[in-house]
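Any read-out appearing in this document is the output of simple, stated calculations on the displayed coordinates, not a laboratory observation. Everything numeric here is computed off the predicted structure, so don't read it as measured data. So basically every Cβ, Gly included, is an ideal-geometry build from the backbone, and we count neighbours across all protein chains shown.
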Amino acid sequence: MTATLLATHRVEKPWGRHTLYPGFADPAPDGEPVGEIWFQAQGDAAPDLLIKYLFTSEKLSVQVHPNDEQAHAAGLPRGKDECWIILDAEPDSTIALGTRQPQTREALRAAALDGSIEAMLDWKPVKAGDFFYSASGVIHAIGAGITLIEVQQNSETTYRLYDYGRPRELHLDAGVAVADPNPYVAHPTPGKVADDRTILVEGPKFVLERWEGGRRTLTLPAGVQGWLVPVSGEGVVDGVPFRAGECLVLEGACELHAVAGSDLLFAYPGTHRIQ
């Protein structure tokens, strides 16, 4: 049994913020804004999943990610399915997912070039507590004023289709080739499977569960890692204390005790939930 607290890596972004979220120290007022916090193991390990917090003050670029097959064809280790748990959002915050109407790839490319892609996308209002699964191929953009947790395949392959005139590289050929220019279809969510356990995602690339506080025993199969993300509250797993704003990797058989009222996420690669 192993429980390892991951290192916290703060990523400065021009679209980030100086006021983050409870559990995280704010950057200095005259410092660079922080847009992301990653949780990473020491060394050169490249695990299947990556956990991040995002803090936005501006719209992020319109982008798309390849699937595993497309990534392998490009010499990359994996594609990128991802999902977002919204922790906080301004009243007018939105996330774009898919197009409002089915589009051709030619129309998508033209819209990316002339900027009309913004109006082509389906911008959905978001609030604390919302959950979205963005599979590879889904055109998306995270809006301003949002704090979220992102669970994703461990890949930073992002094809930028549009960036609101910012002077950053676009990847139109690669992005249009892998994009699904159609309305977003929500990923099936199994929902509550026990009084204290909800399944948010069940494959194809990972499983994501949400647990309430309390005691539980879990056993991960040999060679499989799980990521424990305390959204709120605190506790101990195999003698390692944890609190909100941290992330741990678990292996083998583990004993967990989280204080009442805690809100925990648990993610692991694969298609089927671990009983």
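A few remarks follow.
- A simple charge model with +1 on the Cβ of Lys and Arg, -1 on the Cβ of Asp and Glu and nothing else charged puts the dipole of the chain at about 320 debye relative to its Cα centre.
- Stretching T158 away from D195 to a fully extended chain increases their span by 9.5 nm, per 0.36 nm per residue minus the current alpha-carbon distance.
- Each label point was placed 7 Å from the Cα along the Cα-to-Cβ direction; for D92 and L113 their separation is 3.2 nm.
- In this calculation the C-beta distance from T2 to V236 is compared with R0 = 25 Å, giving a FRET efficiency of 0.95.
- Among the trypsin sites (Lys or Arg not before Pro) found in the range 108-192, those both in a DSSP coil and sparsely packed, with 14 or fewer other Cβ atoms within 10 Å of their Cβ, are K127, R168.
- Cα centroid separation, the range 111-133 to the range 193-218 (Å): 28
- Counting beta carbons within 10 Å around each of I274, I85, I95 and listing the fewest first gives the order I274, I85, I95.
- Between the Cα long axis of helix 105-114 and the first principal axis of the chain there is an angle of about 80°, rounded to the nearest 10.
- Cross-link reach list, aspartates and glutamates versus K127, counting only Cα pairs under 17 Å and skipping chain neighbours closer than eight places: E58, D88, E90, D92, E150
- Only one residue of Q101, G175, A144 has its Cα farthest out toward the positive end of the dipole of the chain, where Lys and Arg carry +1 and Asp and Glu -1 on Cβ, and that residue is Q101.
- Candidate values (1) 137; (2) 124; (3) 175 were compared with volume of the Cα convex hull per residue in Å³ computed on the shown model; the agreeing label is (1).
- Taken one residue at a time, the phi angles of the range 195-202 give Karplus couplings (6.51, -1.76, 1.60, θ = phi - 60°) of 4, 10, 9, 10, 9, 8, 9, 10 Hz. Gly and Pro are set to x.
- For the range 225-238, 3J(HN,Hα) per residue [Karplus equation, 6.51 cos²θ - 1.76 cosθ + 1.60, θ = phi - 60°, Hz, x = Gly/Pro]: 9, x, 10, 9, 10, x, 6, 8, x, 7, x, 9, 10, 6
- Ellipticity at 222 nm from helices only: DSSP H runs of n ≥ 4 in the chain, each -39500 (n - 2.57), divided by the residue count, give -2500 deg cm²/dmol.
- Charge sum, other residues only, whose C-beta stays under 12 Å from P33's C-beta, Lys/Arg counted +1 and Asp/Glu -1: -3
- Cut-off of 10 Å, at most 14 other beta carbons, DSSP loop: longest stretch of the chain lacking such GluC sites (Glu not before Pro): 1-155
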